[in-house]
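Any read-out appearing in this document is the output of simple, stated calculations on the displayed coordinates, not a laboratory observation. Keep in mind that what you see is a predicted model, and the values were worked out from it rather than measured. Backbone-built Cβ (ideal geometry, glycine too); neighbour counts: all protein chains shown.
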4 protein chains.
Amino acid sequence: MPLSALLKPFRLSSRRAAERAFRVDCELTYEVDAPTDFVFLVHALKDAEQHIAGESIDFHSDSAFHVFADPTQGHRFTRVHVEAGRFTLLYRALVKKRPFTRDLRAPEQPIHELPDHVLHNLAPTRYCESDLLGRAAYKLFGHLPPGHARVQAIADWIFEHIEYAIGSTGPTTTAREVFVQRAGVCRDFAHLGVTFCRALNIPARLAVGYARFDEPPPDFHAVFEAWLGGRWVLFDPTRMSPVDDLVRIASGRDAKDVAFATLFGPARMLSMNPQIEAVGPQQLALADAGG
Amino acid sequence: MPLSALLKPFRLSSRRAAERAFRVDCELTYEVDAPTDFVFLVHALKDAEQHIAGESIDFHSDSAFHVFADPTQGHRFTRVHVEAGRFTLLYRALVKKRPFTRDLRAPEQPIHELPDHVLHNLAPTRYCESDLLGRAAYKLFGHLPPGHARVQAIADWIFEHIEYAIGSTGPTTTAREVFVQRAGVCRDFAHLGVTFCRALNIPARLAVGYARFDEPPPDFHAVFEAWLGGRWVLFDPTRMSPVDDLVRIASGRDAKDVAFATLFGPARMLSMNPQIEAVGPQQLALADAGG
Amino acid sequence: MPLSALLKPFRLSSRRAAERAFRVDCELTYEVDAPTDFVFLVHALKDAEQHIAGESIDFHSDSAFHVFADPTQGHRFTRVHVEAGRFTLLYRALVKKRPFTRDLRAPEQPIHELPDHVLHNLAPTRYCESDLLGRAAYKLFGHLPPGHARVQAIADWIFEHIEYAIGSTGPTTTAREVFVQRAGVCRDFAHLGVTFCRALNIPARLAVGYARFDEPPPDFHAVFEAWLGGRWVLFDPTRMSPVDDLVRIASGRDAKDVAFATLFGPARMLSMNPQIEAVGPQQLALADAGG
Amino acid sequence: MPLSALLKPFRLSSRRAAERAFRVDCELTYEVDAPTDFVFLVHALKDAEQHIAGESIDFHSDSAFHVFADPTQGHRFTRVHVEAGRFTLLYRALVKKRPFTRDLRAPEQPIHELPDHVLHNLAPTRYCESDLLGRAAYKLFGHLPPGHARVQAIADWIFEHIEYAIGSTGPTTTAREVFVQRAGVCRDFAHLGVTFCRALNIPARLAVGYARFDEPPPDFHAVFEAWLGGRWVLFDPTRMSPVDDLVRIASGRDAKDVAFATLFGPARMLSMNPQIEAVGPQQLALADAGG
């Protein structure tokens, strides 16, 4: 079944000429040795900035699955219990994104002006020990004028001082360890950005999604967001993919909130292939017309 | 103004003969050197098990404050911005608690039967590194039959192996460190209980509130809750206070979610005096009549 | 060239009927990408308990090497500077060991009776944080009567509580981490034994050498020694190899003192094959007679 | 008894006009609750650069003490077993130091040119995890030309990036933690210097002794030494005291080797007052004449 068959009709409105569209194609394959529970987080987020024009999720398996949405943020988790054997998850979607206009003069907000709902993004978390890196953050970035440029300086510092090295970190690696060992992958870069921001009293969180990159092989991407000028602004300290092209899956305090897959049982991933490609207006129209 | 003046009328219903009532009296005093933001979490929780018969919060200060409730759990946070000087927070309440019938045969639920909303209580957090203590938990408790008795064994192990030592830990101490150093205070005991449970795939969280103890000096209390038989069940590995008498303030993933006070700025606590006392039926009636 | 050709004549003395002999055969192969310095520690130790009846070291390489002995303990280090390419170290020896009579009633010595030269074996080291595990050691072993049986209890506890799992640890893993994660290899088991002993004020050190085991594949072995009854006594918490058969290379504060190879430069080990076999009296006589 | 009474006669030789002399006066007082063993390391080192013109050690206590010298470096340790009560150690000395001519162009030596006896100063130790800070060291200092100036750059970096904050660290604090928290005292500054050097393959060690400073209150001082141009060269990243005026007690791999006092038992320090003052030629002559 072609993806187009799944699409609800939609049209590029003339007033949203700058909207862009992406086709998501994600395939995950696992080998399960004994009964295992999976919680996947692969659905593109539905929010004010992303419209899901069409999507499908399928398991090449007999296992029943169930999708639920986190009541606060609308993250859509998929739960599935698998007895044994090999199975494949296939998620496909067509996502339209509103353009994001970056305000390079966006200010930091003082604590007492922060909205209630972002306060918890100031707290340290499992992989972001902002309570331990406070003095380091102030020594490195405390002298800079507050605002967008300071958070950009954080992202730049990470890009310049941390080596992107696949295999240098694992699922339990924290920002403190990355700061010491000076190496990591996108998730680690983002955790360190989150940590520095929180240490400076700038609310920050991790954002994960589908991204385009030439190198390295297809993977989910993680970047960080800082609360500036009254909204969340994305930063990618890896500089590996244009942040405007990120198809967001979720935002969370750190990686434990937004893992694309959480496993309970003896299973292992055999392959992953999450990809996006930009879709031009003509393809969209074609899809719209019914494929 | 006597507490009775604050009370909305209420009556011990005959069908709820076992209900108990507690008077909460909490006073916190701070010295503020320069503008500081506080987020307090001192309000007793309003939920199915606790009825707030009356309460007041007051600041001996000109600073305006604002109370907001966390949309998911109803925790009531109080934000206040203080310019400088000494100030005191006074919180008083009369709280009625439903009796909790502990089911000593309550089972653990397999992952695929857990309700969606408790799943996130399986993840490691800043102070509960269940991702690092997995093998330890299985070696210590993996051979025990699942259920209430196993979680009780965890609480007992903590009581027997961890020394209660004021000053042995600080605000950044984690369960892993407590497991290594074998000392801590109530918060650390509870973190370790949470961590072991999660490592065994039992959803668990920290619960904080007002408790009665002779020793040590008045403080907020922290215990842990495990998800057993389809509901949250309290355990106190310190054995310092009867869990049935805990007037709950909040439940959270770990201490960072439920700190009684979070400070942003140069201020320090001068004194704290959170206390509860049981209130007999006659006192309740009096309070009721005098309202 | 057969090993026998290397042997200095020696004879099993009638007064040392219980002496045993072992043939050591150790081959290490490295690929060197650019100039690299190696410091090897593979020579069997010459001391009161081990007699080196014959030995050879050879590098299949043009690189000059140089052997020096540590002035305190007589460890023989081999330094070699390799420009590039593949090279192989071959060490072979015939080692006679005096029997060690274990005194199961050997006492611990109080601090003030310890000889000066063992005092430094009470201090924490890189991989043995006895300063962090003090309370844990006392809680686990403090109630046991001091002496050989207590150290044996430490070795037994490690065997029972730590899983032998190749790949679970790396070169920077410390005893504290092993205590938390409950897994490791021989070096980690030994580090934990050293750490508990020191925490209890029992001088302890790491001993490494050539050992016999069926499983796992050939590797150097590490055990620990405690100072009991006025001398060093070996314990093997892995129970993988009879300690009496260990052909000792060195003893050190921890693994950093006694690594079999330390590399400075871009090189990697391709294979290792350190082995011993017991040599019977007839073979010894044959070797003695000239081969 | 005046210090002069303790002095063996000595004379400022005309050929050593640049020699300088210091009077050391060190008083340590302890309260001992139950039998405790102490190992003190307070004697000024006798070596090629320091001549001990006179000295005394005294305990205001009945306890017998015994002094022994480490065979490798000549450090003089004092062991004393105290039953209970208060006691005071008094160490006084008159020390002549040879001038040290610093060669600002001293080179680093490649590994294969290092003398055997300094090799072990490349290894990580309890408080100097050079195995964890390797990439950080290379990223910060790897681009600088090797030699004295690079080690000076390390000392400068520490001075600029680490805050001197009494109370920010404790006896178990390591260089990694100091690198993360960006605060420490002299011992921590020195540990970090040692760690960076070793990570860059420059042999380095901790040096402790008596130093002059106005601020903070009298304490032992710790600096670090790097092996440059074939000898040990001192660096003080705290910039608190002129390194030429350090009266050396000992050099070690890290603080555990050279603690001024190691305690085994329930005792606590009541006061410490280690001090030095420069002694002019006339005072020396007087002391000499009055001996």
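Take the Kirkwood radius over Cα pairs of segment A:166-229, plug it into Stokes-Einstein at 37 °C and 0.692 mPa s, and you get 263 µm²/s for translational diffusion. Orientation-averaged projection of chain C equals 15.7 nm² [convex hull of Cα atoms, one quarter of hull surface area]. Distance distribution note for segment D:40-126: the fraction of Cα pairs above 17 angstrom is 67%. A protection proxy built from the mean count of other Cβ atoms within 10 Å ranks the segments D:91-100, C:119-128, C:50-59, D:262-271, most packed first, as C:119-128, D:91-100, C:50-59, D:262-271. Inter-copy label distances at B:Asp214, using a point 7 Å along Cα-to-Cβ, come to 5.7, 6.0, 7.5 nm with the shortest given first.
Here the spin labels are modelled as points 7 Å beyond Cα on the Cα-Cβ line, and at D:Phe65 and C:Phe68 they lie 3.5 nm apart. Within the shell of other residues whose beta carbon sits under 12 angstrom from the beta carbon of B:Val82, the net charge comes to -3, with Lys and Arg scored +1 and Asp and Glu -1. Taking Lys and Arg as +1 and Asp and Glu as -1, the other residues whose beta-carbon sits under 13 Å from that of D:Gly229 total 0.
The convex hull of the Cα atoms of the protein assembly as shown, projected and averaged over all directions, covers 55.9 nm².
Output the relative contact order of chain C, whole-number percent, from Cα pairs under 8 angstrom with separation of 6+ residues.
Answer for chain C is 28 percent.
Expressed in Å, the radius of gyration and Dmax of the Cα atoms of segment D:111-257 are 13.9, 44. Each copy carries a label point for A:Thr72 at 7 Å from Cα toward Cβ; from one copy, the others' points are 0.4, 5.4, 5.4 nm away, ordered from shortest. Between identical copies, the spacing of A:Phe159 label points, each set 7 Å from Cα toward the C-beta atom, reads 3.3, 5.7, 5.8 nm from nearest to farthest. For D:Lys256, the lysines whose Cα falls under 22 Å of its own Cα, not counting residues fewer than eight places away in the same chain, are C:Lys256, D:Lys46. Taking Cβ atoms as reference points and 15 Å as the exclusive limit, the residues near C:Val185 contribute a net charge of -3, counting Lys and Arg as +1 and Asp and Glu as -1. Here the protein assembly as shown is assigned +1 on the Cβ of each Lys and Arg and -1 on the Cβ of each Asp and Glu. Its dipole about the Cα centre then comes out at about 0 debye. Peptide A:110-116 has a mean of 6 when you count, residue by residue, the C-beta atoms of other protein chains within 10 Å of its C-beta.
Taking the Cα centre of segment B:111-252 as origin and assigning +1 to Lys and Arg Cβ atoms and -1 to Asp and Glu Cβ atoms, the resulting dipole is close to 340 debye. Here the alpha carbons of segment A:215-280 define both size measures, Rg and Dmax, at 14.3, 46 Å. Counting only DSSP H runs of at least 4 residues, each contributing -39500 (n - 2.57), and dividing by the residue count of the protein assembly as shown, the helix-based mean residue ellipticity at 222 nm comes to -5500 deg cm²/dmol. Counting only Cβ charges, +1 for Lys and Arg and -1 for Asp and Glu, the dipole size of chain C around its Cα centre is about 740 debye.
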